[in-house]
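The values are calculated or read from the model by the stated rules, or taken from the named source; none is laboratory data. Predicted model, so just to flag it, every value in this text is computed and none were measured. Don't worry about glycine lacking a Cβ; one is built from the backbone with ideal geometry, like all the others, and counts go over all protein chains shown. We work out accessible area using only protein heavy atoms, side chains counted, and drop any ligands, DNA or RNA first. Shrake-Rupley method; radii C 1.70, N 1.55, O 1.52, S 1.80 Å.
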Amino acid sequence: MANFYAAYRAKIKHADQLLQKKGVVGVGVGYKNPKQPKQGACVIIYAETASAVSTSSVPTAVSTTVQGKVVQVPIRTIVSGKVKVFYDAKAKVAPYTDRIRPVPGGYSVGYPSLPGSPGASGTGGLIAINYPARTQYYVCSNNHVLNRNNSADYTETIQPGAADSGQATTDEIGRLDRFIPLQKTGDNYLDAATCIPLDNRLLSPTYATVGVIPGHLLTYRVGEVFKKVGRTTGAVTGTVESVHTDFTVNYGDYGGLGVIQFRDQSVILGATPTSLPGDSGSIWLRSSDNYAAAVNYAGFEDGLRSISYPFNWFSQLFDVRVAQPNLGAGDIKGIRMKSYSYTRPLTKKQISKLRSVLAQKATEITNYPF
């Protein structure tokens, strides 16, 4: 029986090779049998189709070395369909596509249409506050929801988003403030951006259906139960299926990116769709205590699986906490766990490479080299 450390070591060793196999889109770490956790851990492979597994000769196990001993780690293959980044929102779920003031977490946001450039609708995941200063509220969401082209160009934020009849002239609540550039080559970890409002009073430091969020989690583990509100799927629940999962994600023509690589992502599985067009940017809470856990940005064709990353990473890179009323800030819950069944905070080395970029104000000249 393999433990999570052995499974993680095996994933690190074999992920790049496995991702090169036709039809394999993700490689992560989870339970060999979620209904029987005592059977230990495994490497999880996400494949587009059942035939892709057989034609690509995906093995049933891979080996790694732990403390000088060779360990065989079983492989569990999940036929998940293709990975999709959802920014072409069409379906609507009331009331989360409505115009609302002040704006809480969980509702439609985006940027407006321009001649020759369609707008976007995603989800404003939650309201954050700068920390430790605690003077400014922000909307937390994805880069591809708040940023027109993965650049530092000025992009206004509207609520609701363009697919929900939002207009620049009447529905602007702020603008793109900071974002983590998505890299065409190399490793990506977050699809993340913030909106700075025209006025703090335009934002409500609450979350739809929940109210005030107490804070965010430092880490979370495989098997935990989450919930979230998204623009399209509304209020849903899911269970963490895998962590430390590497994916190839197709962004199409957005920012000229095409297919790019993400590392150490999480997959949350729902009994009903949890990640459909318009849900990008929605933020998972732990069901037991409402602490913010993970940021959704992509999914699979059937929408049942959400691809997300820890909200703690967002907090680390943007220096924000979950906002509370009267410019209050939520706490961080938990300690770093040794078990690799848990997510891990970003290291100092990773933080040094993952810089946030300040976007232009409307009157500034773009000079950021994309």
Name the pairs whose Cβ atoms lie under 7 Å apart, with the first residue in region 92-115 and at negative phi and of a type in the set (K, R), the second open to solvent by less than 70 Å² (accessible area, probe 1.4 Å) and in a loop (DSSP other than H, G, I, E, B), and 6 or more positions between them or separate chains?
R99/Q159; R99/P160
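Of all residues being of a type outside the set (D, E, K, R), in a loop (DSSP other than H, G, I, E, B) and open to solvent by 50 Å² or more (accessible area, probe 1.4 Å) in region 65-94, which is nearest to Y5 (Cα to Cα)? Just the residue, please. I'd like the intermediate steps shown before the answer.
First, pick out the residues of region 65-94 that are of a type outside the set (D, E, K, R): 65-68, 70-75, 77-81, 83, 85-87, 89, 91, 93-94.
Now narrow it down to the ones that are in a loop (DSSP other than H, G, I, E, B): 67-68, 80-81, 86-87, 89, 91, 93-94.
Subsequent filtering for residues that are open to solvent by 50 Å² or more (accessible area, probe 1.4 Å) retains 67-68, 87, 91, 94.
Details: Q67: 11, G68: 14, Y87: 35, A91: 41, A94: 43 Å.
Filtering region 65-94 for residues that are of a type outside the set (D, E, K, R), in a loop (DSSP other than H, G, I, E, B) and open to solvent by 50 Å² or more (accessible area, probe 1.4 Å), the one nearest to Y5 (Cα to Cα) comes out as Q67.
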Among the residues that make up region 298-308, is at least one of them over 14 Å from the mean Cα position of the chain (by Cα) and more than 24 Å from K92 (Cβ to Cβ)?
no
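Looking at N130, N147, which is the one that is buried (at least 24 other Cβ atoms within 10 Å of the Cβ) and of a type in the set (S, T, N, Q)? Reasoning before the result, please.
Working: N130 fails: buried (at least 24 other Cβ atoms within 10 Å of the Cβ).
Going through N130, N147 in turn, the sole match is N147.
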Selection count, region 181-223, where residues are of a type outside the set (A, V, I, L, M, F, W, C), buried (at least 22 other Cβ atoms within 10 Å of the Cβ) and not in a strand (DSSP E or B):
2
From the list A61, A50, which residue is closer than 22 Å to D302 by Cβ and among the small types (G, A, S)?
A50
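Please verify whether P160 is within 21 Å of Y297 (Cβ to Cβ), assigned to a loop (DSSP other than H, G, I, E, B) and either of a type in the set (S, T, Y) or touching a Lys or Arg at 6+ places or on another chain (Cβ under 6 Å) (or both), treating the condition exactly as stated.
Values: within 21 Å of Y297 (Cβ to Cβ): yes; assigned to a loop (DSSP other than H, G, I, E, B): yes; either of a type in the set (S, T, Y) or touching a Lys or Arg at 6+ places or on another chain (Cβ under 6 Å) (or both): yes.
Yes.
Please go through region 239-252 and pick out each residue that is in a loop (DSSP other than H, G, I, E, B) and either without any contact (Cβ under 8 Å) to a residue 24 or more places away in the chain or open to solvent by less than 10 Å² (accessible area, probe 1.4 Å) (or both).
Within region 239-252, the first condition is being in a loop (DSSP other than H, G, I, E, B), and the residues that meet it are 251-252.
Of everything in region 239-252, just one residue is in a loop (DSSP other than H, G, I, E, B) and either without any contact (Cβ under 8 Å) to a residue 24 or more places away in the chain or open to solvent by less than 10 Å² (accessible area, probe 1.4 Å) (or both), namely Y251.
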Test each condition in (1) closer than 25 Å to V249 by Cα; (2) in contact (Cβ under 8 Å) with a residue 60 or more places away in the chain for V62 and report the one that comes out false.
(2)
Within the bounds of region 322-332, is there any residue that is open to solvent by less than 10 Å² (accessible area, probe 1.4 Å), part of a loop (DSSP other than H, G, I, E, B) and over 20 Å from A133 (Cα atoms)?
no
Where residues in region 96-127 are open to solvent by 10 Å² or more (accessible area, probe 1.4 Å), modelled with pLDDT under 95 and in contact with a Gly (Cβ under 9 Å, 6 or more places away or on another chain), which of them is farthest from D319 (Cα to Cα)?
S113
For region 288-297, the count of residues that are in contact with a strand residue (DSSP E or B) (Cβ under 6 Å, 6 or more places away or on another chain) and either of a type in the set (S, T, N, Q) or at pLDDT below 95 (or both) equals 1
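Which ones in region 163-174 are surrounded by fewer than 21 Cβ atoms within 10 Å (Cβ to Cβ) and either of a type in the set (S, T, N, Q) or touching a Lys or Arg at 6+ places or on another chain (Cβ under 7 Å) (or both)? Walk me through how you get there before you give the answer.
Here is the first cut: in region 163-174, the ones surrounded by fewer than 21 Cβ atoms within 10 Å (Cβ to Cβ) are 165, 167-170, 172.
Scanning region 163-174 gives S165, Q167, T169, T170.
Say whether the condition of being outside any loop (DSSP other than H, G, I, E, B), closer than 23 Å to Q316 by Cβ and among the hydroxyl-bearing types (S, T, Y) is met by at least one residue in region 229-238.
We begin by selecting, within region 229-238, every residue outside any loop (DSSP other than H, G, I, E, B); these are 229-230, 234-238.
Pick out the ones that are also closer than 23 Å to Q316 by Cβ and you get none.
Taking every residue of region 229-238 in turn, none turns out to be outside any loop (DSSP other than H, G, I, E, B), closer than 23 Å to Q316 by Cβ and among the hydroxyl-bearing types (S, T, Y).
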Just checking, does region 298-311 include any residue being in contact with a strand residue (DSSP E or B) (Cβ under 9 Å, 6 or more places away or on another chain), in contact (Cβ under 8 Å) with a residue 40 or more places away in the chain, part of a strand (DSSP E or B) and open to solvent by 10 Å² or more (accessible area, probe 1.4 Å)?
yes
Residue under question is Y138, and the condition is that it be over 19 Å from A359 (Cα atoms), surrounded by 21 or more Cβ atoms within 10 Å (Cβ to Cβ) and touching an Asp or Glu at 6+ places or on another chain (Cβ under 8 Å); does it hold?
no
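Only one of R178, R231, R263 is of a type in the set (K, R), open to solvent by less than 20 Å² (accessible area, probe 1.4 Å) and touching a strand residue (DSSP E or B) at 6+ places or on another chain (Cβ under 9 Å); which? Quick ask: steps written out before the conclusion?
Values: R178 fails: open to solvent by less than 20 Å² (accessible area, probe 1.4 Å); R263 fails: open to solvent by less than 20 Å² (accessible area, probe 1.4 Å).
The conditions single out R231.
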